[in-house]
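A short write-up of the structure that comes next.
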Amino acid sequence: MNEPLLQVKNLCTSFKVDSGEVRAVNGISFNLDKGRVLGIVGESGSGKSVTAYSIMRILVEPGRITGGQILFNGEDIVQYSKKQMREFRGKRVSIIFQDPMTSLNPVYTIGNQLREAIMLHTDRNRAQADERALEMLKLVGVNSPEQRLKQYPFELSGGMRQRIMIAMALCCEPDILIADEPTTALDVTIQAQILELMQELQKKLGMAIIMITHDLGVIADMCDEIIVMYAGRICERGTADEIFYNPRHEYTKGLLRSIPRLDTNHARLIPISGSPVDLTNMPKGCAFASRCDNCMKICLSELPEELDINDCHKASCWMNVKQVYEEAKGGIAK
Amino acid sequence: MLKYTIKRVLLAIVTVFIISAVTFFAMNAIPGGPFSKEKAPDPAVQAALEARFNLDKPVGQQYLIYLKNLAHGDFGISLKTGRDISQIIREKFSVSAKLGGMAAACAIVLGLVLGSTAALCRNRWPDRLIIFLTTLFVSVPSFILATILLLVFALQLKWVGVFSTENPNYVLPVISLMLYPMSYITRLTKSSMLDVLGQDYIRTARAKGVREGFVIFKHALRNALIPVVTYVGPMIAGILTGSMVIETVFTIGGLGTEFVRSINNQDYPMIMATTIFLAVLMVIATLISDLVYKLIDPKITFD
Amino acid sequence: MNYNTDKLPRKQLLSLQLDLSKFEMASEDEKAQHETMRESTTFFRDGMRKLRKNPLAMMSLIVLFCLVLTIVVVPMFYPYSYEQMITVNGKRDKTAKNLAPMTYSKNEMKAIEEGQKIFPHLFGTDELCRDYFIRVLYGARVSLAVGLFASLIVLVIGLLYGSISGYFGGKVDMVMMRIVDIIYSLPDTLMVVLLSVVLNQILGSALQGTILARVGNNMISLFIVFGVLYWVGMARLVRGQILSIKTNEYVLAARALGAKSGRIIRRHILPNCMSVIFISVALQIPSAIFTESFLSFIGLGVQAPMPSLGSLANAARGGMQSYPYKMVFPAIIICLIVLSFNLLGDGLRDAFDPKLRR
């Protein structure tokens, strides 16, 4: 049987702070197959980025993976040694970050930083590494690449820097590229260019992508599968079509109502009221309950389990259970 | 960069002029000339003496003459010893420079190492120990620290020799002189290092698979050094003044001892000359550290 | 639509068959109760909580409090004076020279044998037969007073200058800051020494007969020096704070509502930079105490017979080997004071500095 490239099983990550334990990720599981694009959506603080950092194991103190497994080709990287992990990062899985302005080291040239990444994971010598760096810059569509190699990050624009980050992430041909809100800090026009570039590179190089964003619009036509996260849990997952046209979780519906759409005639956008839950003190039941318009009594006391809506769509919402129950009852009545 | 350099050099020159003016006019404001103080000799002799030292001219003119002499390296004559001051300074400063140089080098090296260690072991015992000790060191006036070190290690335990001209043992003087700047650099390095370690590019380096040691020494330390460099100028100034205390305590015949002695003897030309000399040194040190700061931080050069 | 009921978790299915009422809509009250809100804290309360949790800072506060209490209260009923020789039966006791702590002089022993009660010399006596404990207490008084007063001068001048410069900006700011730049580039310790030398001589004659003479012209010149030189750091700090706060929307909002400059400075800007200024003052005090002890060392400190911790320790250097206690007591007190202020300042910064907050 074909094993998925990456399997995340019941991952829990938390941060110990003065006021308690911030449980940023609370037992999430998902699979990623070779060459597929997975989108993770949710508002700030929903645990998207922490999930990404957990996969790379680049959480900073006091963050820690407290449970679960992350299987890459069947091997649990949570158990990896520091050395194994170093060889894993950048080589097998790469990441690009939200803010290209601060993600490059200001005191080294672009060439230096690219070369470092290449020489870490391949046995190219300096000259070969420089050659590869140049090749990568051409690949990501940087103009006058020879000159760029000698420049410092502050001399480049945000979009250019993000292209360089992508070049750096892809220079060792990783199997998975994690993009942590890669376009959030960029202008809208640049956003589209970067997304286009990523799609193009994905087709060319065939790596799998985990695309993390709070912007549903960004991933609509890029992702094979979308995961919607809230308060460190997955509340709904499915193909892009299913999530967009048949949302089955109140939170997803809320998210969709709050983005502008061209194809429907919503008079206005409807924001989700309230604010995200306090992760140090998670309530019983569904974390979204207090902000939900259709909140039921059971939502306040019991955690909904994931329910298959169809073959390519799952959601964790009591509304679905209610619906099934009512239909079943209706069937009996008939 | 050029514009900045010119601006800084100009400011330094203005500062040197102000220092010389403040020093000169302040000294002249002290009531009673140098020759009226002692039992006044013959008025004729006094007049001759005053003419010899240009004291009969208006103060402004005296200042200009003084500046002209300074430019020729002539600081005048010490009232107490009658010796040429520029010669005294040349002689004594070599001792002070040696002491100060050693202290500065030790302070920088140890400060950087301890500061980085504290940042990397944040909230564990090495961090707590280092921060406790450095806080303690900045809380003891240097002459007390030096006296205690002298008493305990040289006179009681006899681990190190006492400084003397025949047997110059610089261990204790250097330690006493270095502890304050070292502690300061340690604390500065720690906070700067912590700041840098929280930056996004450190995360990028880790995500590339860079070894932790390289993350710290290649990616973090170079950035963390930038604010530390700005302290080097003030540190030189601190060491020069600190050296007054340390040299006196250990009876090292350097410029510091000479300065303290001239204050106690009210040897005004000597005070004036030493102040101006040390001040110019400090201004130059600050100027250089500011320029180096601009050089190593590529971000700032284009602002 | 086809829902595969087999895939419904069994337990849930059972429970849902048992308890239909759970699927009723929840009321707003129930929803509100469900959400456990984070306790709301103010900036100040949060800072105080952090400060209280910092054992070093709290210890420093207690040490400083005890110290201040001692140096204020004890001299009121202490039987010896800091400037007078010890007397036995109304006569000067010349045998009470350089006594070790807790010992009595020959004359005092005699008096004790005669049945008199004599208060012990806690820290011994000095070479002029004066009780050392009270001298150290007075020294601590003087040193603390110098520190507080000098910091106060720095605070007042720096605050005024910095807020004017920062608030008005433009040309005013440029001129004012160039002046600050120049003063800042002067080597401070050297200038302190120079000004002290000069002011000592000038003030010596000018102050004679006034109340200020009692304070000593060295102290006065020290304060003048602080007033002339050390305020620039504070002025820069205040200006920087104001410049960054000035751009905030709430200041713009206040101006849009027609608030006057003075009101904006008082109501909006100062409260917001108070914490940083406060921390800086706390750290200024030990630096002033240091400067005083340095000046004492080179012979420009407070006037005899008035002691300061610095001058006491410096005077004790000569007899260090024979009478180490004379060095140790003032040294310990000075370290205790400076260390406490440093730790307190660090604690305040950790608790209140907005830049360090996460």
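The values are calculated or read from the model by the stated rules, or taken from the named source; none is laboratory data. Treat the numbers as computed from the prediction; the structure is a model and nothing was measured. Because the Cβ atoms are built from the backbone with ideal geometry, glycine has one as well, and the counts that use them run over all protein chains shown.
The rows are residues; the columns are (1) away from chain A (no Cβ under 12 Å); (2) modelled with pLDDT of 70 or more; (3) touching a Lys or Arg at 6+ places or on another chain (Cβ under 6 Å).
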| position | (1), (2), (3) |
| --- | --- |
| C:D19 | no, no, no |
| C:M25 | no, yes, no |
| C:S40 | no, no, no |
| C:G47 | yes, yes, no |
| C:I71 | yes, yes, yes |
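Pairing each residue of the stretch B:252-273 that is in the same structural domain as B:E91 (by TED's automatic domain parsing) with any residue that is of a type in the set (D, E, K, R) and modelled with pLDDT of 85 or more, provided the two are 6+ apart or on different chains, yields C-beta distances under 6 Å for B:G254/B:K92; B:G254/B:E247; B:L255/B:K92; B:G256/B:E247; B:T257/B:E247; B:E258/B:K92. Whenever a residue of the stretch A:86-103 is of a type in the set (F, W, Y), its partners that are in a strand (DSSP E or B), lying with C-beta atoms within less than 6 angstrom and at least six residues away or across chains, give the pairs A:F97/A:D180. Residues in the stretch A:53-102 that are surrounded by fewer than 16 Cβ atoms within 10 Å (Cβ to Cβ), within 8 Å of chain B (Cβ to nearest Cβ) and either touching a strand residue (DSSP E or B) at 6+ places or on another chain (Cβ under 9 Å) or closer than 28 Å to A:E21 by Cα (or both): A:V60, A:E61, A:K82. Look at A:G274 and say whether it is modelled with pLDDT under 75 and within 11 Å of another protein chain (Cβ to nearest Cβ). Judged against the criteria, A:G274 is a match. On the stretch given as the stretch B:1-13, residues that are assigned to a helix (DSSP H, G or I) and exposed (fewer than 15 other Cβ atoms within 10 Å of the Cβ) total 9.
Counting the residues of the stretch C:74-86 that are over 15 Å from C:V136 (Cβ atoms) and surrounded by fewer than 16 Cβ atoms within 10 Å (Cβ to Cβ) gives 4. Could you please give the count of residues in the stretch B:120-151 that are among the hydroxyl-bearing types (S, T, Y) and more than 9 Å from chain C (Cβ to nearest Cβ)? Of the residues in the stretch B:120-151, 1 are among the hydroxyl-bearing types (S, T, Y) and more than 9 Å from chain C (Cβ to nearest Cβ).
Of everything in the stretch A:120-132 that is touching a residue at least 12 places away in the same chain (Cβ under 8 Å) and aliphatic (A, V, I, L, M), the residue that is farthest from the other protein chains (Cβ to nearest Cβ) is A:A129. Each residue in the stretch C:116-130 was checked for being closer than 21 Å to C:V68 by Cβ and without any contact (Cβ under 8 Å) to a residue 60 or more places away in the chain, and 1 of them qualify.
Name the residue that is farthest from C:Y138 (Cα to Cα), counting only residues in the stretch C:55-111 that are of a type in the set (G, A, S) and either in a loop (DSSP other than H, G, I, E, B) or touching a residue at least 24 places away in the same chain (Cβ under 8 Å) (or both).
We begin by selecting, within the stretch C:55-111, every residue of a type in the set (G, A, S); these are C:57, C:60, C:81, C:90, C:96, C:100, C:105, C:111.
Now narrow it down to the ones that are either in a loop (DSSP other than H, G, I, E, B) or touching a residue at least 24 places away in the same chain (Cβ under 8 Å) (or both): C:57, C:60, C:81, C:90, C:96, C:100, C:105.
Details: C:A57: 25, C:S60: 21, C:S81: 10, C:G90: 23, C:A96: 20, C:A100: 19, C:S105: 23 Å.
Across the stretch C:55-111, the extreme among qualifying residues is C:A57.
Could you tell me which residue of the stretch C:283-311 is farthest from the other protein chains (Cβ to nearest Cβ), considering only residues that are aliphatic (A, V, I, L, M) and surrounded by fewer than 20 Cβ atoms within 10 Å (Cβ to Cβ)? Outline the logic, then answer.
Taking the stretch C:283-311 and keeping what is aliphatic (A, V, I, L, M), we get C:283, C:285, C:288-289, C:295, C:298, C:300, C:302, C:304, C:306, C:309.
This time we only want the ones that are surrounded by fewer than 20 Cβ atoms within 10 Å (Cβ to Cβ), so: C:283, C:304.
On the way: C:L283: 10, C:A304: 15 Å.
Of everything passing the filter in the stretch C:283-311, C:A304 is farthest from the other protein chains (Cβ to nearest Cβ).
Scanning the stretch A:209-233 for residues being within 12 Å of the chain's Cα centre (by Cα) and assigned to a strand (DSSP E or B) gives a total of 10.
When the stretch A:267-293 is filtered for residues that are part of a loop (DSSP other than H, G, I, E, B), crowded, with 21+ Cβ neighbours inside 10 Å and touching a strand residue (DSSP E or B) at 6+ places or on another chain (Cβ under 9 Å), the ones remaining, listed by number, are A:V277, A:L279, A:C286, A:A287, A:F288.
Within the bounds of the stretch B:248-258, is there any residue that is within 11 Å of chain C (Cβ to nearest Cβ), touching a Phe, Trp or Tyr at 6+ places or on another chain (Cβ under 7 Å) and either assigned to a helix (DSSP H, G or I) or within 18 Å of B:M178 (Cβ to Cβ) (or both)? Reasoning before the result, please.
If we filter the stretch B:248-258 for residues that are within 11 Å of chain C (Cβ to nearest Cβ), which is where we start, we get B:248-249, B:256-257.
Right, trim to touching a Phe, Trp or Tyr at 6+ places or on another chain (Cβ under 7 Å) and you get B:249.
Subsequent filtering for residues that are either assigned to a helix (DSSP H, G or I) or within 18 Å of B:M178 (Cβ to Cβ) (or both) retains B:249.
The answer is yes, given that some residue of the stretch B:248-258 is within 11 Å of chain C (Cβ to nearest Cβ), touching a Phe, Trp or Tyr at 6+ places or on another chain (Cβ under 7 Å) and either assigned to a helix (DSSP H, G or I) or within 18 Å of B:M178 (Cβ to Cβ) (or both).
Taking every residue in the stretch C:331-358 that is within 10 Å of another protein chain (Cβ to nearest Cβ) and pairing it with any residue that is at pLDDT 85 or above and not in a helix (DSSP H, G or I), at least 6 positions away or on another chain, the pairs with Cβ-Cβ distances below 7 Å are C:I334/B:P141; C:C335/B:S139; C:C335/B:V140; C:V338/B:S139; C:L339/B:S139; C:N342/B:V138; C:N342/B:S139.
Give the stretch A:110-119 a look and list any residue that's more than 9 Å from every other protein chain (Cβ to nearest Cβ) and either in contact (Cβ under 8 Å) with a residue 60 or more places away in the chain or not basic (K, R) (or both), or say none.
A:I110, A:G111, A:N112, A:L114, A:I118, A:M119
Quick one: which residue in B:C121, B:C106 is touching a residue at least 24 places away in the same chain (Cβ under 8 Å) and either out of contact with any His (no Cβ under 8 Å at 6 or more places or on another chain) or more than 26 Å from C:A288 (Cβ to Cβ) (or both)?
Numbers: B:C121 fails: touching a residue at least 24 places away in the same chain (Cβ under 8 Å).
From the options B:C121, B:C106, the qualifying one is B:C106.
Within the stretch A:294-326, how many residues are assigned to a loop (DSSP other than H, G, I, E, B) and among the aliphatic types (A, V, I, L, M)?
1
Scanning the stretch C:312-330 for residues that are of a type in the set (G, A, S) and either surrounded by 23 or more Cβ atoms within 10 Å (Cβ to Cβ) or at the interface with chain B (Cβ under 9 Å from one of its Cβ atoms) (or both) returns C:A313, C:A316. Inspection of the stretch C:103-121 identifies no residue that is in contact with a helix residue (DSSP H, G or I) (Cβ under 6 Å, 6 or more places away or on another chain) and not β-branched (V, I, T).
For the stretch B:274-297, check the following and say yes or no: at least one residue is assigned to a helix (DSSP H, G or I), surrounded by fewer than 24 Cβ atoms within 10 Å (Cβ to Cβ) and within 11 Å of chain A (Cβ to nearest Cβ). The answer is yes, given that some residue of the stretch B:274-297 is assigned to a helix (DSSP H, G or I), surrounded by fewer than 24 Cβ atoms within 10 Å (Cβ to Cβ) and within 11 Å of chain A (Cβ to nearest Cβ). Here the stretch B:192-219 is the region considered, the condition is being touching a residue at least 60 places away in the same chain (Cβ under 8 Å) and at the interface with another protein chain (Cβ under 10 Å from one of its Cβ atoms), and the residue that is farthest from C:D346 (Cα to Cα) is B:L197.
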